[in-house]
Amino acid sequence: MLAVGVDLVEIPRIERALARFGEKFLARVYTPDEVRYSRGRPAELAARFAAKEAVAKALGAGMRILSPAGIGWLDVETLNEAGGKPYLILHGRARDLAAAQGLTEWAISLSHDGGMAIAFVAATGH
């Protein structure tokens, strides 16, 4: 089994959400560890936003804000190893959907440049 997802986010979109909603936006969309790692940098936050959407696509579920069958923002957490390599932790509905589909191994790549952030995820399993 192989599942993939990709998502692209405009960094200014995240900047506008931060300016308008501040801490409320951060608490709704990001885990405390994601907020701590990103240190308010819009490009880092945009890449993590894209990661959440990319995982939802790989799971074939979408986001809960668009569908009751979707996953929540906090169901996907993107952190970084000491050397900088990103990794995923799935919580709640995202974890349950991955288990139901037999998806046990996840890989993620993040990038940002020119006002855009992208996330690509791949999952494998039995």
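The values are calculated or read from the model by the stated rules, or taken from the named source; none is laboratory data. The shown structure was predicted, so the numbers you read here are calculated from the model rather than taken from an experiment. A quick note on method: Cβ atoms are made from the backbone with ideal geometry, for glycine too, and the neighbour counts reach across all protein chains shown.
General observations
- The number of residues in segment 14-65 being acidic (D, E), surrounded by 15 or more Cβ atoms within 10 Å (Cβ to Cβ) and over 13 Å from the mean Cα position of the chain (by Cα) comes to 1.
- So A122, is it among the small types (G, A, S), crowded, with 17+ Cβ neighbours inside 10 Å and either under 20 Å from M1 (Cα atoms) or under 13 Å from the mean Cα position of the chain (by Cα) (or both): yes
- Residue in segment 3-13 that is assigned to a strand (DSSP E or B), touching a residue at least 60 places away in the same chain (Cβ under 8 Å), over 14 Å from the mean Cα position of the chain (by Cα) and closer than 24 Å to R95 by Cβ present: yes
- Hey, A47 part of a loop (DSSP other than H, G, I, E, B) and closer than 17 Å to W106 by Cα or not: no
- Segment 29-51 residues that are charged (D, E, K, R), paired with ones that are part of a loop (DSSP other than H, G, I, E, B) (beta carbon under 7 Å, 6 or more apart): R48/Y30
- Test: residue in segment 74-83 that is touching a residue at least 60 places away in the same chain (Cβ under 8 Å), within 22 Å of A122 (Cβ to Cβ) and under 10 Å from the mean Cα position of the chain (by Cα): no
- Verdict on L90 being farther than 24 Å from V35 by Cβ and touching a helix residue (DSSP H, G or I) at 6+ places or on another chain (Cβ under 7 Å): no
- Among the candidates E23, E44, the residue that is among the acidic types (D, E) and more than 22 Å from E81 (Cβ to Cβ) is uniquely E23.
- Per-region count, segment 61-108, residues part of a loop (DSSP other than H, G, I, E, B) and at negative phi: 15
- Pairs with Cβ under 7 Å, 6+ apart, first in segment 105-126 and without any contact (Cβ under 8 Å) to a residue 60 or more places away in the chain, second surrounded by fewer than 19 Cβ atoms within 10 Å (Cβ to Cβ) and small (G, A, S): E105/G125; A107/A122
- A count restricted to segment 86-111 and to residues that are crowded, with 19+ Cβ neighbours inside 10 Å and either modelled with pLDDT under 95 or under 16 Å from Y30 (Cβ atoms) (or both) stands at 5.
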